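Comments concern the structure below.
The values are calculated or read from the model by the stated rules, or taken from the named source; none is laboratory data. It should be emphasised that the depicted structure is a prediction, and the values quoted were computed from it without experimental measurement. Cβ placement follows ideal geometry from the backbone for every residue including glycine, while neighbour counts extend to all protein chains displayed. Keep in mind that these areas ignore ligands, DNA and RNA; they rest on the heavy atoms of the full protein, side chains included. Shrake-Rupley method; radii C 1.70, N 1.55, O 1.52, S 1.80 Å.
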Amino acid sequence: MRSHHLRLAVVPAIVALASVPSFAALSIYLSPEDLARTSPIVVEGTVSSVACGYDPETGALATYVTIAVETVHRGPGTLGEIVLREPGGRLGDLVHDLDAVPVYEPEERVLVFVEMQHSSPRTSGLFFGKFTIVEGATPDSDRAVRDLSGQGLILRRPDLETEDLPLADLVAVIANNAYRGSGSV
């Protein structure tokens, strides 16, 4: 008798889930404050190269993003360059596109929150950890822009396609929210 009632409960649930549109990615919104508290490294710089290849550690396709570091907001002060290893990418005819993975372009100025994954640096919180720097008329008017569009379903998401804030405000968030993770960099 119990299994009959269980089937009666499960079938409507499956039908309800099947009628909901599927989203490729499901993410929980990460604020700049959340990122600052969970990122052992935060750098500002210019993307000098983007290349794809096989990751020897995981055996999967990966994209390697090299950033010429201009400012270290958190992490080793002598960091002149950092290479991020992001999952997925394109190598010849092989394509492994993943939702929520940040896309970097050569010559793009960025502020990036960095975490360690499989002993390699990558963008914290996937696309949440990448801000594109848009230069203003003066250095004090530079903006930090984060794209939230096209990233699947974001829970607790602000009603914005992009977040745009003064770069100086984002730097203040980093300074005022200490890293609370475990381990050292």
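Quick notes on this one:
- Count Lys and Arg as plus one, Asp and Glu as minus one, and take only other residues whose Cβ is under 13 Å from that of Glu115; the net charge is then +4.
- Residues Leu79 and Asp140, FRET efficiency given R0 of 30 Å [Cβ-Cβ distance, rounded to 0.05]: 0.75
- Region 38-50 - phi-based ³J(HN,Hα) in whole Hz, Karplus 6.51/-1.76/1.60, Gly and Pro as x: 10, 10, x, 10, 9, 10, 10, x, 10, 5, 9, 7, 9
- Here region 114-133 is scanned for amide nitrogen atoms under 11 Å from the site 7 Å beyond the Cα of Leu94 along Cα-to-Cβ, giving none.
- In this structure, the amide hydrogen of Gln117, modeled 1.01 Å from its nitrogen in the peptide plane, lies closer than 5 angstrom to those of Arg122, counting only residues at least 5 positions away or on a different chain.
- Expressed as a whole percent, the accessible surface of region 33-185 that belongs to carbon and sulfur atoms is 51, based on a 1.4 Å probe.
- Accessible surface, region 35-185, averaged per residue in Å² (probe 1.4 Å): 51 Å²
- Reciprocal of mean inverse Cα separation for region 21-102 (Kirkwood radius, Å): 14.7 Å
- A crude spin-label estimate for the pair Leu26 and Ala175, with each label 7 Å from Cα along the Cβ direction, gives 4.0 nm.
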